[in-house]
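Visitor: This is the structure I have questions about; it appears just below.
Please treat every number below as a calculation from the coordinates, not as lab data. Nothing here was measured: the structure is a model prediction, and the numbers come from that model. We place every Cβ from the backbone using ideal geometry, glycine too, and count neighbours over all the protein chains shown.
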Amino acid sequence: MASNIEHTVIVGGGLAAVRTAQALRDQAYAGKISILSDEMELPYDRPPLSKNYLLGKSSDEKIRLLSAEAFAELKVDLLLGHKAVGLDRVAKKVSVKGGGAVSYDRLVIATGASPILPTIFQGKKNIHVLRSADDARLLNGALKPKSRVGIVGAGFIGLEIASAAKSLDCEVTVIEAAEAPLIRSVGGELGKAIQQWHETKGVNFCCGSPVSQVHGTDGQISLELASGQMLSVDIVIVGVGQKTNIDWLIDTGLELHHGLVCDVYGRTNDPLVLGVGDATCCHVDNVCTPTFHWTATTDQATRVAKVICGKIDETPVIDDHYFWSDQHGSRLQFVGKVSANPRIVYVAGSPAEEKFVALCCNDEEVTAVLGLADPREFLRYGMPLRRGERAFLPT
């Protein structure tokens, strides 16, 4: 006899998956919930992997999103080692690596993204990426005092790892193809200010020239830059971007772009399939916006749960682009969007003080706020943007 209890299957074992399950129960969802994770350990939080966990200062237990007992209390079936490899939308089944399938009434895709490893780095020794706890454990064992560490990519992950490696007394050089770190997020002027701050902590930078070749096969690595500069290192950590884990959805009829295409509520072109987290991209008015930040993923999960429970919240969704990042014992915070050639106004501190709040302005309107080691002043100037309001230079 068929069960009349609705079954929501969540594919993915990270933050997006767990927060969606929790949000469903918060919305009084009475159906069955299953999480399919491709890893063999309890779901964990990924931001600590490039910080305290990488340094060995945080245990496995501390990074767990939920304990086994908490999953049981939520009545969530956690299926570890279940990697999704296919989807039959007609039969409403997810195929799992190794055979077998899991049936669903509602499907939430939260498979996240994986680091990109360019071909020139493949097959070389002592080349690392950082996504999983296993990656962090391996890297922790490799970061020895005085090790020469080359970090390719000056995004958030690269800069956080640079901070961690420097605290372990490594010799750290960051290689970035752009003219400064974080240009796409905070613009060139503020990116250079962040670079200068890192340099005061002993981090070296090679900006404006990408890695063109990798020499060495026995652990002695030479990175050749497009400029012709050669850099000898013991360890290479690559953080040049990520690719959404949606290959298993090709040819399923779901709309795919940079990720699984969703609206602001996580709805796809199949009313029974929703998406949340890094695996998705949101399309609004023909504009595509990936989801790459922790806070945005948590908010998405709540909206998806409300859709499943028939409680769509019509309150406008504020896309404030907020993020934070802990580096060298201080917190970077950012909100808004930096336009081309913004005017930068420091309203608290300065880069020389290693504590500041900077406003990115078009004429008198503030479009973004960056704060370093000053959460109170960041909140003061950034809150209007966080509320979705227009912000102006203080008079």
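Visitor: Just give me the residues in segment 132-169 being in contact with a Cys (Cβ under 8 Å, 6 or more places away or on another chain) and among the hydrophobic types (A, V, I, L, M, F, W, C), in sequence order.
Guide: Scanning segment 132-169 gives L143, V149, A154.
Visitor: At least 3 residues that are buried (at least 23 other Cβ atoms within 10 Å of the Cβ) in each: list the strands (runs of 3 or more DSSP E) lying fully within segment 113-202 that qualify.
Guide: Once the strands (runs of 3 or more DSSP E) in segment 113-202 are filtered for at least 3 residues that are buried (at least 23 other Cβ atoms within 10 Å of the Cβ), what remains is 148-152, 171-176.
Visitor: Check every one of the strands (runs of 3 or more DSSP E) wholly within segment 282-395 and list those with 1 or more residues that are of a type in the set (D, E, K, R) and out of contact with any helix residue (DSSP H, G or I) (no Cβ under 8 Å at 6 or more places or on another chain).
Guide: Fully inside segment 282-395 and qualifying: 343-350, 355-362, 365-372.
Visitor: Which one of the conditions (1) exposed (fewer than 15 other Cβ atoms within 10 Å of the Cβ); (2) over 30 Å from L225 (Cβ atoms); (3) in contact (Cβ under 8 Å) with a residue 40 or more places away in the chain does Y104 fail to meet, given that it meets all the rest?
Guide: (1)
Visitor: Within the set of pairs 6 or more residues apart or between chains, which connect a residue that is over 18 Å from A17 (Cβ atoms) inside segment 56-68 to a residue that is not in a helix (DSSP H, G or I) with Cβ atoms less than 7 Å apart?
Guide: Note: pairs meeting the criteria are S58/N52.
Visitor: Is it the case that some residue within segment 329-347 is under 21 Å from A296 (Cβ atoms), of a type in the set (D, E, K, R) and surrounded by fewer than 17 Cβ atoms within 10 Å (Cβ to Cβ)?
Guide: Checking segment 329-347: at least one residue is under 21 Å from A296 (Cβ atoms), of a type in the set (D, E, K, R) and surrounded by fewer than 17 Cβ atoms within 10 Å (Cβ to Cβ).
Visitor: Let me ask something else. Hey, can you tell me all the residues within segment 203-234 that are of a type in the set (A, V, I, L, M), within 18 Å of P118 (Cα to Cα) and part of a loop (DSSP other than H, G, I, E, B)?
Guide: Hit for segment 203-234 is A226, nothing else.
Visitor: For segment 97-109, does any single residue satisfy the condition of being within 23 Å of the chain's Cα centre (by Cα) and of a type in the set (F, W, Y)?
Guide: No; the residues of segment 97-109 include none that is within 23 Å of the chain's Cα centre (by Cα) and of a type in the set (F, W, Y).
Visitor: What number of residues within segment 171-204 are under 17 Å from A373 (Cβ atoms) and in contact with a strand residue (DSSP E or B) (Cβ under 6 Å, 6 or more places away or on another chain)?
Guide: Qualifying residue count, segment 171-204: 4.
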